[in-house]
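The values are calculated or read from the model by the stated rules, or taken from the named source; none is laboratory data. Predicted model, so just to flag it, every value in this text is computed and none were measured. No Cβ is skipped: glycine too gets one built from the backbone with ideal geometry, and neighbour counts run over all protein chains shown.
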Amino acid sequence: MEICKRGKEFNIDQLIIFMKFISFTTDFGAGSRGNGVLMAVALKIAPDAHVVHFADVESFNIKSGARILEGISYLPVGSHTCVIDPGVGTKRMAIAIETNRGDYLIGPDNGVLLPACEFLGGIKKVFEITNEDYMLKPVSPIFHGRDVFIPVAAHLANGIAIEELGKELKASELTAAPYKNAQIKNKKIECEVIHINKFGSLFINILGLTMEKFASLGKIITIKTKNKKISLPYKRTFGEVEKGKPIIVNDDFGRVEIAINQGSFANRFKIKIGDKLSIA
Amino acid sequence: MEICKRGKEFNIDQLIIFMKFISFTTDFGAGSRGNGVLMAVALKIAPDAHVVHFADVESFNIKSGARILEGISYLPVGSHTCVIDPGVGTKRMAIAIETNRGDYLIGPDNGVLLPACEFLGGIKKVFEITNEDYMLKPVSPIFHGRDVFIPVAAHLANGIAIEELGKELKASELTAAPYKNAQIKNKKIECEVIHINKFGSLFINILGLTMEKFASLGKIITIKTKNKKISLPYKRTFGEVEKGKPIIVNDDFGRVEIAINQGSFANRFKIKIGDKLSIA
Amino acid sequence: MEICKRGKEFNIDQLIIFMKFISFTTDFGAGSRGNGVLMAVALKIAPDAHVVHFADVESFNIKSGARILEGISYLPVGSHTCVIDPGVGTKRMAIAIETNRGDYLIGPDNGVLLPACEFLGGIKKVFEITNEDYMLKPVSPIFHGRDVFIPVAAHLANGIAIEELGKELKASELTAAPYKNAQIKNKKIECEVIHINKFGSLFINILGLTMEKFASLGKIITIKTKNKKISLPYKRTFGEVEKGKPIIVNDDFGRVEIAINQGSFANRFKIKIGDKLSIA
């Protein structure tokens, strides 16, 4: 690990092996200047990092943001920032979590970071971020993404100890996750919509493993919304039903997806994030 | 070429000369997590590559996607992935094309990759992708972009032989391109709208070279849609007509564009991708 | 500075210190191919640069674009391109500005680059871009972003002298900025909306410093639009008013923002970029 420290010559293998990885997820809007600024601030502090805008999330939607961050399991181990932060500048804490996989998750203490931790081996340590040495100053009361979260992510990527950020917290002191994993009970699963993608497909707080216990492939499932009952098959992929037909599948990130082949389930049945469903 | 292999020291010229280039084009929606994941997976496998999200395309629109990919001619020679893939997980093949320019195009066999090949010197070789050594496993039946196409693109960038991917195919075995180049016939061109951009400008399956044979700059052209006849001048650039006026120009990627100066042609005349036009 | 020139060996500190920085801001639409092409063309000419898509701007909106570019002050010193260019291919000049901070700003002479210069120490030099050696040829009359602005930005990042681009201009010869800083007069500020973000918050041509002179934190401010009078408190951050309530704050880039906590001010009061306001 000594070999590629700054100030030494290095070869391309060493460059590759030691490449830092930083991601950020926001609700600023795709193409927003806010995202460009986070990218640039990260590169200023850690110019030898890969910095990736991971995803843009519906405004203020902590539930959907939490679901999106579960996909970090597909990213390299690194420093991952989330700026869905309606409480910016108020008393809510800024936190940095170390996961058992070795990642750092940095963001507001509003629950948005917690579901991802389950997909990253669980929480190892949590610290409150109060050390201004790792912030851009003056800290804007309305943009902690730029002045607190991304600088801290970049400094962690550069190798500072998480202990330097502030005082250690217990996981139990954190604001709760915005959803739990739904369970099978009386041959039903009471669940909720935690994300809707661009295609209008619903993502549900049911783990794929739970769904596989609940039903076998090919089975017809009944979804009950507030006003409607919809029957659809549990299949592997969209093309296994006709265009325009509904389907339920294991999604691509460990959960369950309800979709229409080449159509929008959310639009047709007027469903939004946070809606409760009953699956039987 | 030996000089910058991994394990050797290198200088900045060598780094620059040997920099790999990977692009991906999808219909996930700008700012979608899917794009962030493709970026990250590519960088995990080829950390010494430039990875660029080339473009986002209208959902499921193979025609528009094919048109967009023609612009790869402006990118460095590299590995270019396209994930417009309504047939994911069904029997459609995954393919990798080597072009005469030296690029690899990787994606589903639904025609989307073919028009770009014309702009890249034509097809040299095509292989079906079946070798799981170059995939992320388990392969999700609904996200081959992440588990098949982008890993294959990154491995090709790393220098594996295209022959390792699976069996060789003939170009004639592939699903046909979603459009052909329209030709002049009886002083007319029967053509179609293959893409509409954010500004509402139409892009047509006519090559710029064909248009130049058909009319000289300054000529008034007549466009016939299903219900309307529109007269507009053939000019060099938008500012040569008044704001709000229609115009036809050679576009910036080898074809023909029909636009309104600082307005939306598609909205004003209710035109969508796939609509047939007659130009006289 | 000699130490990291091409053709020499270098170490990681040198790589980091000499990393070039290029940004581009456009109105092509987030996810548009145009952005992917600019990224790729920049990387072809300057493969050892960080290239960042800084922001996407409302179509043709020079006012909003100028406001967005003020945020370059948070980016590393570098070459920053703006392609909001309704006059492309007409007589309007292409220009490159050197700022006192050391940046290059490259774009059309339509005023869009000027407000940013104030945030970058002011204008040092301006040159017209006419030297075709630094352009992609043939130059498309409808896409100077690709063929003129981004290649020039990349060549400037590579170290060519700005003097090589064309003839020197006086700042006074340039098209005027699309707004000026509003001033306090008779206990009022007559001002205008120069940008609206995704959340529907308004950004105003008032410097934060001016606002601080005009009112102290906690004061109730009256905003007069064409048809309405709105009272709202001047506070530090959104969470200091209830969800759904209006507020005025110092924004995060040196100016003043009028918002609704977790809502859209622009939608509720039907305001658009360019609207005049009176603040008392």
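Just wondering, is there one or more residues in the range B:7-20 that are within 17 Å of C:ARG33 (Cβ to Cβ) and either surrounded by fewer than 24 Cβ atoms within 10 Å (Cβ to Cβ) or at pLDDT 95 or above (or both)?
no
Does the range A:99-122 hold any residues that are assigned to a loop (DSSP other than H, G, I, E, B) and within 21 Å of C:GLY239 (Cβ to Cβ), and which are they? Can you show your working first?
Looking only at the range A:99-122, we keep the residues that are assigned to a loop (DSSP other than H, G, I, E, B), and these are A:100-103, A:109-113, A:120-122.
Scanning the range A:99-122 gives A:ASP109, A:ASN110, A:GLY111, A:VAL112, A:LEU113.
Could you please find all residues in the range B:185-201 being of a type outside the set (Lys, Arg) and within 14 Å of chain C (Cβ to nearest Cβ)? Explain how you work it out, then say what you get.
First, the residues of the range B:185-201 that are of a type outside the set (Lys, Arg): B:186, B:189-197, B:199-201.
B:ILE194, B:HIS195, B:ILE196, B:ASN197, B:PHE199, B:GLY200, B:SER201 - these are the residues of the range B:185-201 that are of a type outside the set (Lys, Arg) and within 14 Å of chain C (Cβ to nearest Cβ).
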Given (1) over 19 Å from the mean Cα position of the chain (by Cα); (2) of a type in the set (Gly, Ala, Ser); (3) at the interface with another protein chain (Cβ under 9 Å from one of its Cβ atoms), where does C:GLY29 come up short, assuming only one miss? (1)
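Before we move on, is C:LEU174 over 24 Å from C:LYS63 (Cβ atoms), among the hydrophobic types (A, V, I, L, M, F, W, C) and within 25 Å of the chain's Cα centre (by Cα)? Show your work before the answer.
Working: over 24 Å from C:LYS63 (Cβ atoms): no; among the hydrophobic types (A, V, I, L, M, F, W, C): yes; within 25 Å of the chain's Cα centre (by Cα): yes.
No, not satisfied.
Yes/no matrix, rows are residues, columns are (1) on the phi > 0 side of the Ramachandran plot; (2) within 14 Å of another protein chain (Cβ to nearest Cβ):
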residue	(1), (2)
B:CYS117	no, no
B:GLY122	yes, no
B:ASN131	no, no
B:VAL139	no, yes
B:GLY145	no, yes
B:GLU168	no, no
B:LYS180	no, no
B:GLN183	no, no
Can C:ILE162 be described as away from every other protein chain (no Cβ under 14 Å) and free of Cβ contacts under 8 Å to residues at least 24 places away in the same chain? no
Give the residues of the range A:125-147 that are surrounded by fewer than 21 Cβ atoms within 10 Å (Cβ to Cβ), within 15 Å of A:LEU165 (Cα to Cα) and touching a Gly at 6+ places or on another chain (Cβ under 6 Å), sorted by residue number. A:GLU128, A:THR130, A:ASN131
If you check B:LEU105, B:LEU43, which single one turns out to be away from chain C (no Cβ under 13 Å) and at pLDDT 95 or above? B:LEU105
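Filtering the range B:102-117 down to residues that are under 21 Å from B:ASN181 (Cα atoms) and small (Gly, Ala, Ser), which residue is farthest from the chain's Cα centre (by Cα)?
First, pick out the residues of the range B:102-117 that are under 21 Å from B:ASN181 (Cα atoms): B:105, B:109-117.
Right, trim to small (Gly, Ala, Ser) and you get B:111, B:116.
On the way: B:GLY111: 11, B:ALA116: 6 Å.
The residue in question is B:GLY111.
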In the set C:THR225, C:THR210, the lone residue that is surrounded by 17 or more Cβ atoms within 10 Å (Cβ to Cβ) and either among the hydrophobic types (A, V, I, L, M, F, W, C) or not assigned by TED's automatic domain parsing to the domain that holds C:GLY102 (or both) is C:THR210
Of the residues in the range A:145-169, those that are modelled with pLDDT under 95 and basic (Lys, Arg) come to none
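Looking at the range A:123-150, which of its residues are within 27 Å of C:ILE248 (Cα to Cα) and either touching a residue at least 60 places away in the same chain (Cβ under 8 Å) or in a strand (DSSP E or B) (or both)? Working first, answer last.
Kept after step one, since they are within 27 Å of C:ILE248 (Cα to Cα), are these residues of the range A:123-150: A:130, A:132, A:135-150.
Across the range A:123-150, the qualifying residues are A:LEU136, A:PHE143, A:HIS144, A:GLY145, A:ARG146, A:PHE149, A:ILE150.
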Can A:GLU192 be described as under 27 Å from the mean Cα position of the chain (by Cα), over 22 Å from B:GLY34 (Cβ atoms) and in the same structural domain as A:ILE271 (by TED's automatic domain parsing)? yes
Of the numbered conditions (1) modelled with pLDDT under 95; (2) under 20 Å from C:VAL77 (Cα atoms), C:ILE142 satisfies every one except a single condition; which is it? (2)
Only unsatisfied item for A:ILE206, checking (1) in contact with an Asp or Glu (Cβ under 8 Å, 6 or more places away or on another chain); (2) part of a strand (DSSP E or B), is (1)
Just one of the numbered conditions (1) in contact with a Phe, Trp or Tyr (Cβ under 6 Å, 6 or more places away or on another chain); (2) at positive phi is not true of B:GLU70; which one? (2)
Taking the range C:50-101 and keeping only residues that are buried (at least 24 other Cβ atoms within 10 Å of the Cβ), more than 14 Å from the chain's Cα centre (by Cα) and more than 9 Å from every other protein chain (Cβ to nearest Cβ), one is left with C:ILE95, C:ALA96
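Can you give me the ranges of the strands (runs of 3 or more DSSP E) entirely in the range C:213-277 with at least 2 residues that are within 14 Å of chain A (Cβ to nearest Cβ)? Talk me through it step by step, then tell me what you get.
On the way: elements: C:220-224, C:229-235, C:246-250, C:255-260.
Output list reads C:229-235, C:246-250, C:255-260.
Among the candidates C:ALA161, C:ALA153, which residue alone is surrounded by 21 or more Cβ atoms within 10 Å (Cβ to Cβ) and within 21 Å of C:ILE45 (Cα to Cα)? Steps first, please.
On the way: C:ALA161 fails: surrounded by 21 or more Cβ atoms within 10 Å (Cβ to Cβ).
Only one candidate passes the filter, namely C:ALA153.
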Taking into account only those residues within the range A:226-267 that are touching a Pro at 6+ places or on another chain (Cβ under 8 Å) and in contact (Cβ under 8 Å) with a residue 40 or more places away in the chain, which is nearest to A:PHE119 (Cα to Cα)? A:ILE258
Could you grab me the full set of residues in the range C:268-280 that are of a type outside the set (Val, Ile, Thr) and either surrounded by fewer than 19 Cβ atoms within 10 Å (Cβ to Cβ) or more than 24 Å from C:GLU118 (Cβ to Cβ) (or both)? C:ARG268, C:PHE269, C:LYS270, C:LYS272, C:GLY274, C:ASP275, C:LYS276, C:SER278, C:ALA280
